[in-house]
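Accompanying notes for the structure given below.
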Amino acid sequence: MKERDKVIRRHPQESRPDTGDILSILQEDIIIPDIVQKKAEAAFEAVRKEQANEERQEKSGEKRAVSRRRRMTKKQIGLLMSAAVLAAGAVTAGAAAYMKWSKSLSQGMQASDEMQRKLEDVKMVVPVNKTSVCNGITVTAEQSIVDNYYAQIIFRVEGYQPPEGEQPGFENMTVTLDGYEPIKNWGTSDYDEKSDFSYIGGFYNGLIAGEDGRAVRADGSIPKDTENIAKYVQDDGSMEYIVTLSNPRQKGIFLNKAVHIELKNVGTLAKAEYYPDLEGIWTFDWILTGSEEMKVYDLDAPVGDTGAKVIHAEISPISLRVTYLLPREVLEKSAGEFAFGGYPFSMPGVKMKDGTLYPDLYLGPGSIGYLSEESDEYSTAFPIDRILDVSQTDALIIKNIEDDNDFYVIPLEE
């Protein structure tokens, strides 16, 4: 590993959350940049001066010297004014297109301003703005971020706060996609593998992995009580609830689908047990949209001397999917010898072009295993704990199970 390589690690005991309309955005006040305003005003002033000068000359009977300048007609003035207005309008429309991101996506996923704009431009992140109110508690589906295999939906919860130091939670959640409900259909004749998906939900706790791998607050604040480092309630009194949908084997499953989400009752969680506080049902229906934007690589790269090869990789700003050629006899030989169910190496991470290493990107829920009973193709897929600029990824990195500081490096070439 090169000296300039910077390793960003996640502590195994810490994790990210415990697990609309566009009209309202367009109606927000927009500030036209000074340079556009000044250019428009200068153009108008030039027109006014030209007209005033010609009118003065005509009244005084002065003959003008021959000049290449001609008097502007009303039509030309109108066109100039229209161009100035359109220039200002173009900036206004561009500014209006960008939304205010939730804390769990902007801070929690460590998304730079540039990446926020990029993901909005490709429609991977879109506003939802669907609100449900029950028993004085307002829950709003604010925005979603969706790629080929995963979807995250961010809800803002207002009007409820858990007792200090306690973890909030909904008692129950139901999700259907185009009318298909996975839990209801599992194990029945209505089960459809192509429509199946899993989902989890949890309140955003305000934490990210620090450079030493341990959890720190995303907003940079330092808690007085280090045992209560999690921060569920934001400064404005609201909380954010994140719902993650997952199907890493059915490409495009969440794109342009009708989604129905129902959240029931709210209270607190402790030791995997729910403690009721307030009853209520909050329901939401809309069309889930997203983007197929990702980098795809076909490779033939040995993973050290493990006997496995990386043959395919798909990297999106929010997920990672890697397929290996892993002969079953290799896996069987390593069973009991390595951790993670005999898996001979860790979940993959990435190396960036600037040398930064992200070996512990796993956020979950993920998938691992052979693609079929007959195949030797072995796949790992999972959502990641930060938003990546995929144009800057340089290589896959895979930790050696036997040596946590040793990495197999798989260069990425399109």
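Numerical summary
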quantity: Members of the stretch 208-262 that are in a loop (DSSP other than H, G, I, E, B), of a type in the set (Gly, Ala, Ser) and surrounded by 15 or more Cβ atoms within 10 Å (Cβ to Cβ); calculated: Gly210, Gly213, Ala218, Ala230, Ser238
quantity: Among residues of the stretch 293-315, those that are open to solvent by less than 30 Å² (accessible area, probe 1.4 Å) and either closer than 30 Å to Thr174 by Cβ or touching a Gly at 6+ places or on another chain (Cβ under 6 Å) (or both), counted; calculated: 1
quantity: Near pairs, Cβ below 6 angstrom, 6+ apart or cross-chain, from the stretch 248-277 (more than 22 Å from Pro365 (Cβ to Cβ) and among the β-branched types (Val, Ile, Thr)) to any residue that is in a loop (DSSP other than H, G, I, E, B) and open to solvent by 20 Å² or more (accessible area, probe 1.4 Å); calculated: Thr268/Glu166
quantity: Residue count, the stretch 160-199 (criterion: open to solvent by less than 60 Å² (accessible area, probe 1.4 Å), under 26 Å from the mean Cα position of the chain (by Cα) and not charged (D, E, K, R)); calculated: 16
quantity: Index of the failed condition, Gly290 passing every other in (1) at pLDDT 90 or above; (2) open to solvent by 20 Å² or more (accessible area, probe 1.4 Å); (3) part of a strand (DSSP E or B); calculated: (3)
quantity: Residues that are open to solvent by 40 Å² or more (accessible area, probe 1.4 Å) and at pLDDT 90 or above, drawn from the stretch 372-385; calculated: Asp376, Glu377
quantity: Filter pass, Ile137 being more than 27 Å from Ser367 (Cα to Cα), modelled with pLDDT of 95 or more and touching a Leu at 6+ places or on another chain (Cβ under 9 Å); calculated: yes
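Every residue, every condition in (1) in a loop (DSSP other than H, G, I, E, B); (2) hydroxyl-bearing (Ser, Thr, Tyr), yes or no:
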| site | (1), (2) |
| --- | --- |
| Ala111 | yes, no |
| Lys118 | no, no |
| Val128 | no, no |
| Thr131 | no, yes |
| Ala141 | no, no |
| Gln152 | no, no |
| Phe155 | no, no |
| Glu171 | no, no |
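The values are calculated or read from the model by the stated rules, or taken from the named source; none is laboratory data. What you see is a predicted model, and the numbers here were worked out from it, not measured in a lab. Every residue, glycine as well, gets a Cβ built from its backbone with ideal geometry; the counts of neighbours run over all protein chains shown. Side chains included, ligands, DNA and RNA excluded: accessible areas come from the protein's heavy atoms. Shrake-Rupley method; radii C 1.70, N 1.55, O 1.52, S 1.80 Å.
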